[in-house]
Amino acid sequence: MSVEIKLSRSNRIYRPNELVEGKIVTKLSSSISHEGIRLNVNASVNLQVRGGSAGVIESFYGVIKPIKILNKTVEVLKSGRISSGTTEIPFSFWLKDPGEKPLENFYETYHGGDISIQYLASVDISRGYLHKSLSATVEFIIESEKENLPEKPISPEMVIFYMTHDTQRHSLLPELKSGGFRVSGKVCTLCSLSDPIEGELTIESSAVPIQSIEIHLLRLESILVGEKIATESSLIQTTQIADGDVCRGMTLPIYIILPRLLTCPSIFAGPFSIEFKVTLVITFQSEQSKVHSKSNFKTLKSWHAAESIPLELIRTK
């Protein structure tokens, strides 16, 4: 015996003012009786604070209560029987009923490190006390209502940056201190989620050969815990734009595709916030870099140079 929820849209993407339709599909070797089929729709912002970011605060306050966005039950069928074989039972529900005040804002679906925003539909086929209920769950994805979105294209907001040994906050290789280096470029700081992050950079000079150039896409998740704010940064993805020494004066393009579920519009809510930034990391050739080939955005070494730039993500029509 098995039960499955199939939504009418293969991409499972909906907006808060839309109707969600689908089918409950059962596959049974023999017919069964049931006491009713109900569809439970739940959505929440799930928060967790790690010891590294909150320390004593976390142990004092314990588990942070999720923020409820949606909680409704839809009766699909009253008590009856389901025949053997494959049976498809249609259902539909509105995410926002007309005139109903939602529990919370319909934030976009997001899977983060300490914060996750999920929308789940679960079916429960109750068979009485003597039989185990049949159940299944599916996640659907919420995006912002089109009426509230800015028109596309948005005017790109580019920031010009440069990197030298004077802009670095950590100690560098002696050769870099004496010989120096200079990198300039520009990158987009306001980006639509459906567009790539674009920009360019130029290695103007460097006394030490370059081993690689990477761009880290980072999220900054902040949670209000009592009167304190716990903030944790974590890596979403790394994009390498150069491997090996780069010709001086040559412009390198920056083009980064945003991962859908790991990003969302930048959020500044009361109990939590979700922000993003890009960090450009240049690894210079040295004996140490051969041993430690991978860069860590949290602990830069003397053979690294880095520049971080805030990134605002928005949804457009």
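The values are calculated or read from the model by the stated rules, or taken from the named source; none is laboratory data. Because the structure is predicted, anything quoted here is derived from the model rather than measured. Ideal geometry is used to build each Cβ from the backbone, glycine not excepted, and the neighbour counts take in all protein chains shown. These area figures cover heavy atoms from the full protein model, side chains too; ligands, DNA and RNA do not enter into them. Shrake-Rupley method; radii C 1.70, N 1.55, O 1.52, S 1.80 Å.
Is one or more of the residues making up segment 181-204 in contact with a His (Cβ under 7 Å, 6 or more places away or on another chain) and at pLDDT below 95? Yes: segment 181-204 contains one or more residues that are in contact with a His (Cβ under 7 Å, 6 or more places away or on another chain) and at pLDDT below 95. Taking segment 125-158 as the range and being modelled with pLDDT of 95 or more and either β-branched (V, I, T) or in contact with a helix residue (DSSP H, G or I) (Cβ under 7 Å, 6 or more places away or on another chain) (or both) as the test, the residues that pass are T137, V138, I141, I142. Scanning segment 15-43 for residues that are surrounded by fewer than 20 Cβ atoms within 10 Å (Cβ to Cβ) and under 18 Å from the mean Cα position of the chain (by Cα) turns up just one, R15. For E151, state whether it is acidic (D, E), surrounded by 15 or more Cβ atoms within 10 Å (Cβ to Cβ), touching a residue at least 12 places away in the same chain (Cβ under 8 Å) and out of contact with any strand residue (DSSP E or B) (no Cβ under 6 Å at 6 or more places or on another chain). Spelling it out, it is not the case that E151 is acidic (D, E), surrounded by 15 or more Cβ atoms within 10 Å (Cβ to Cβ), touching a residue at least 12 places away in the same chain (Cβ under 8 Å) and out of contact with any strand residue (DSSP E or B) (no Cβ under 6 Å at 6 or more places or on another chain). The set of residues from segment 233-246 being touching a Leu at 6+ places or on another chain (Cβ under 6 Å), among the β-branched types (V, I, T) and open to solvent by 30 Å² or more (accessible area, probe 1.4 Å) comprises just one member, I241.
The condition of being part of a loop (DSSP other than H, G, I, E, B) and hydrophobic (A, V, I, L, M, F, W, C) holds for only one of L262, L311, L280, L218, that being L262.
Surrounded by 20 or more Cβ atoms within 10 Å (Cβ to Cβ), hydrophobic (A, V, I, L, M, F, W, C) and outside any strand (DSSP E or B) - does that describe any residue in segment 175-185? Checked segment 175-185: at least one residue is surrounded by 20 or more Cβ atoms within 10 Å (Cβ to Cβ), hydrophobic (A, V, I, L, M, F, W, C) and outside any strand (DSSP E or B).
Conditions tested, residue by residue: (1) at pLDDT below 90; (2) open to solvent by less than 30 Å² (accessible area, probe 1.4 Å); (3) over 21 Å from the mean Cα position of the chain (by Cα).
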{"site": "V45", "(1), (2), (3)": "no, yes, no"}
{"site": "Q48", "(1), (2), (3)": "yes, no, no"}
{"site": "A54", "(1), (2), (3)": "yes, yes, yes"}
{"site": "G62", "(1), (2), (3)": "yes, no, yes"}
{"site": "S92", "(1), (2), (3)": "no, no, yes"}
{"site": "D97", "(1), (2), (3)": "yes, no, yes"}
{"site": "D114", "(1), (2), (3)": "no, yes, no"}
{"site": "L120", "(1), (2), (3)": "no, no, no"}
{"site": "V123", "(1), (2), (3)": "no, yes, yes"}
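Every listed requirement among (1) more than 23 Å from I13 (Cβ to Cβ); (2) touching a residue at least 24 places away in the same chain (Cβ under 8 Å); (3) touching a strand residue (DSSP E or B) at 6+ places or on another chain (Cβ under 6 Å) is met by K228 save one, (3). Can you confirm whether segment 222-232 contains a residue that is surrounded by fewer than 17 Cβ atoms within 10 Å (Cβ to Cβ), outside any helix (DSSP H, G or I) and among the β-branched types (V, I, T)? Yes, because at least one residue in segment 222-232 is surrounded by fewer than 17 Cβ atoms within 10 Å (Cβ to Cβ), outside any helix (DSSP H, G or I) and among the β-branched types (V, I, T). Just a yes or no: is a residue in segment 1-11 within 30 Å of the chain's Cα centre (by Cα), modelled with pLDDT under 90, more than 25 Å from C264 (Cα to Cα) and not polar (S, T, N, Q)? No, because not a single residue in segment 1-11 is within 30 Å of the chain's Cα centre (by Cα), modelled with pLDDT under 90, more than 25 Å from C264 (Cα to Cα) and not polar (S, T, N, Q).
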